[in-house]
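Working notes, beginning with the structure itself.
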Amino acid sequence: ESDAGDYTCVCGDKQSTASLAVHALPVVFKEELKNEEVQEGASISLRCELSKAAPVQWKVGSKVLKASDKYEMRQPGTTVELVIHDLETEDA
């Protein structure tokens, strides 16, 4: 998308200009989340991979998660990761 704009070819005192529009491809999951089973008190890392870097939102049910001592969100490049610390049975 950042390549969109007006491009001009100049030759002496003549020029030709064209407008370039770039349509963004939708983000898709290259690797989806996987089901996990862990022991109470442990930590777990849930991760998936996107086709391109994009903002994500983590939810449990309809509740949006926010970064805290319990929830750690990472997004190196196209990989997105949620680390849940000190798991409790209520976290299932």
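The values are calculated or read from the model by the stated rules, or taken from the named source; none is laboratory data. Being a predicted model, the structure only gives us computed values, none of them experimental. Cβ placement follows ideal geometry from the backbone for every residue including glycine, while neighbour counts extend to all protein chains displayed. Calculation scope for accessible area: heavy atoms of the full protein, side chains included, ligands and nucleic acids excluded. Shrake-Rupley method; radii C 1.70, N 1.55, O 1.52, S 1.80 Å.
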Row for the range 29-84, column shape: gyration tensor on C-alpha, a ≥ b ≥ c, rounded if a/c < 1.5 i.e. under 1.5, prolate if a/b over b/c, else oblate; value prolate
In the range 29-84, taking the dipole from +1 charges on Lys and Arg beta carbons and -1 charges on Asp and Glu beta carbons about the Cα centre, the listed residue (W58, S43, V83) farthest towards the positive end is W58
Rounded to whole Å², per residue accessible area for the chain with a 1.4 Å probe reads 80
Counting only protein heavy atoms and leaving out ligands, DNA and RNA, the solvent-accessible surface of K14 at a 1.4 Å probe, in Å² to the nearest 10, equals 140
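At R0 = 35 Å, how high is the FRET efficiency between E90 and S2 if r is their beta carbon distance? Nearest 0.05 is fine.
The computed FRET efficiency comes out at 0.20.
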With all protein chains in place and a 1.4 Å probe, D6 shows an accessible area in Å² (nearest 10) of 120
Carbon/sulfur accessible area of the range 29-84, % of total, 1.4 Å probe, equals 48
